1. Tell me, what is the percent relative contact order of region 414-492, built from C-alpha pairs under 8 Å that lie six or more residues apart?
2. If you wrap region 414-492's Cα atoms in a convex hull and average its projection over all directions, what's the area in nm²?
3. Going by average Cβ density within 10 Å per residue, which order do the peptides 40-48, 126-134, 372-380 take, highest to lowest?
4. Calculate, in nm to one decimal, what residue 487 and residue 34 gain on full extension: separation in residues at 0.36 nm each, minus their alpha carbon distance.
5. At 7 Å along Cα-to-Cβ for each site, give me the label-to-label distance between residue 236 and residue 180 in nm.
6. Tell me what the chain gives for mean residue ellipticity at 222 nm when only DSSP H runs of n ≥ 4 count, each as -39,500 (n - 2.57), the sum divided by the residue total, rounded to 500 deg cm²/dmol.
7. Normalised by the residues of the chain, what does the relative contact order come to in percent, with Cα pairs under 8 Å and at least six apart?
8. Would you mind putting 150-161, 52-63 in packing order, based on average other-beta-carbon counts within 10 Å, highest first?
């Protein structure tokens, strides 16, 4: 069944913190440094196009000979599908994807494709994000409107009918949204911000006329290209992103990594907000399409050639997807792979607590006990000879109350800003976030507490302070103090 819903306007501001560019002058903020990367190129088949890339880097393509996928190492597999053409695709991994083809929605694996039944009242599907086979967190755009799955029913959003023909999702590599229930649509030449859940609303957020839209990222914002200039939507307006390497032709963003193509050259802004030029042998023709992915690499189309580009520090994760949903009662079992030369010492934490790791350099297994419903963070760190490499994967365990956990009842605080957090700020944060710096000021209780959860997230991921900074990293005891302070309500 489906129900119509009316939504009111609601404004969300995006707060970002960072320290990477603090070591650069203003004129160097958009200058790239060359980094080594591996590139593997292969010709595309007749009329073949790139239709999807999974968070861990498997590319899905479609042409006159059907659908196939290509692994980062070049291995390719053809799909024996029952549909004649894929009009839209959400790639999950090397084996599975949701495909819209022949006016139907298909759950696709290399064992075949099965149609996923939708209520006939919804109309013919055109785009999908999330997992419509699960009870929540999924949306479909059809010939009759925008629909949200909520339990066993589908809710119809009351969008202006004139936007329907141009409406499409701008998702997080298949996930409709991150921890915050906020997603983005492109329709009628504009960017639309959609909030769902208890405070459901939508609003026309920004003009996309004349822009090349890239997509959203929880850490950076919504990315686009305006007359060759990189810009991000910060919740109120378009803000320029420093980039001094030329007019941008293509852009892509995934998991805090921003990719930009200038002609045949490829650049990446890492999670420390430093620009890198990929020092790899790429096809000399201009890049016409660019798809970055969460694990750290990217796919680039140069005319009729497909190239995969992978920096050495790429960390791949199997068993859980960024912003994916895990059934309640599941014990987490994750495989992690990387370049063996990075080192053998992988550490893993879930919500700040260490979990079991086994295996050798470049191939590890991570296991954890059954987790409670709600959002969780898996943080991985490899002590590479060239510096620490970290990645965090956030995911939702379904069941019960899946919103943020409630704050503990008021009581005597055990950690305060003045006694415990201010000394941490002065030791490890003031260098980049002090008075007069070119980064977000965090030197007062009001300023630090406004970004407390985000600061905890960046520190726990090993991103702040960045390795290039001379500021000392937080110790385990300091990280625990910061975590407790946030959990207790950030007392002064």
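No value in this document is a laboratory result; all are computed from the given coordinates. Note that the coordinates shown come from a computational prediction; the quantities given were computed from them, not determined experimentally. Positions of Cβ are backbone-derived with ideal geometry, glycine not excepted, and every protein chain shown enters the neighbour counts.
1. On the way: 71 pairs, mean separation 34.5, N = 79.
For region 414-492, the relative contact order is 44 percent.
2. On the way: hull surface 18.7 nm².
Spelled out: convex hull of the Cα atoms, projected over all directions, averaged, 4.7 nm².
3. Working: 40-48: 13.8, 126-134: 20.1, 372-380: 18.2.
In decreasing order of mean packing, 40-48, 126-134, 372-380 become 126-134, 372-380, 40-48.
4. Working: separation 453, 0.36 × 453 = 163.08 nm, distance 4.07 nm.
That works out to 159.0 nm of additional length.
5. Placing both labels 7 Å beyond Cα along the Cβ direction yields 1.4 nm.
6. Values: 5 runs with 38 residues, N = 492.
-2000 deg cm²/dmol, from helical runs alone.
7. On the way: 1149 pairs, mean separation 62.9, N = 492.
RCO, the chain: 13 percent.
8. Values: 150-161: 14.3, 52-63: 23.2.
Per-residue Cβ counts within 10 Å, averaged per peptide and sorted highest first, yield 52-63, 150-161.
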